[in-house]
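Read the structure below first, then the notes.
The values are calculated or read from the model by the stated rules, or taken from the named source; none is laboratory data. Fair warning: this is a prediction, and the values are worked out from it, not measured in the lab. Don't worry about glycine lacking a Cβ; one is built from the backbone with ideal geometry, like all the others, and counts go over all protein chains shown.
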Amino acid sequence: MKYNLTIGAFKWVLDDGVSNEVMENNLGLCDYENLTIEIKGGLVEGVRKATVLHELGHAFFASAGFDPKEEERVVDIMAAQMLSFLQQNKEFFKNYFLEDVKDI
Ligand SMILES: [Zn+2]
């Protein structure tokens, strides 16, 4: 499925159902030039969500002007911590960050 995302001043497209042929050995790819995030289709939920957070981390760093080559480990740590945090603090996240969009 494709999702339109706003990250900073830019419009990105995230596709979480990209074929194995396109993805080759990658679970996710962040294309800074075309503003696309591609996620391999068919991943189990936990891996898919961690991969989405990982690739979003790349997009966040890119929008902040960081050099992509230096951020891999930081993005890995942030994605793992974010997924764990979101799963362990669902009520906090929902009430604190999603209060204004609860009608969606
Ligand atoms: Zn990465």
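Miscellaneous remarks
- Answer residue from the stretch 50-76, given it is surrounded by 14 or more Cβ atoms within 10 Å (Cβ to Cβ) and in a loop (DSSP other than H, G, I, E, B) and is farthest from the ligand (Cβ to nearest atom) among those: 66
- For the stretch 21-47, filtered to residues that are assigned to a helix (DSSP H, G or I) and within 15 Å of the ligand (Cβ to nearest atom), the residue that is nearest to residue 79 (Cα to Cα) is 47.
- Enumeration of residues in the stretch 1-20 that are modelled with pLDDT of 95 or more, part of a strand (DSSP E or B) and of a type in the set (S, T, N, Q): 4
Residues checked against (1) surrounded by 14 or more Cβ atoms within 10 Å (Cβ to Cβ); (2) not basic (Lys, Arg):
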{"residue": "2", "(1), (2)": "no, no"}
{"residue": "6", "(1), (2)": "no, yes"}
{"residue": "28", "(1), (2)": "yes, yes"}
{"residue": "37", "(1), (2)": "yes, yes"}
{"residue": "82", "(1), (2)": "yes, yes"}
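- Count of residues meeting criterion [surrounded by 10 or more Cβ atoms within 10 Å (Cβ to Cβ) and assigned to a helix (DSSP H, G or I)] in the stretch 91-101: 5
- Close pairs (8 angstrom Cβ cut-off, 6 or more residues apart or separate chains): more than 16 Å from residue 52 (Cα to Cα) in the stretch 66-77, more than 10 Å from the ligand (Cβ to nearest atom) and among the aliphatic types (A, V, I, L, M) anywhere: 68/62
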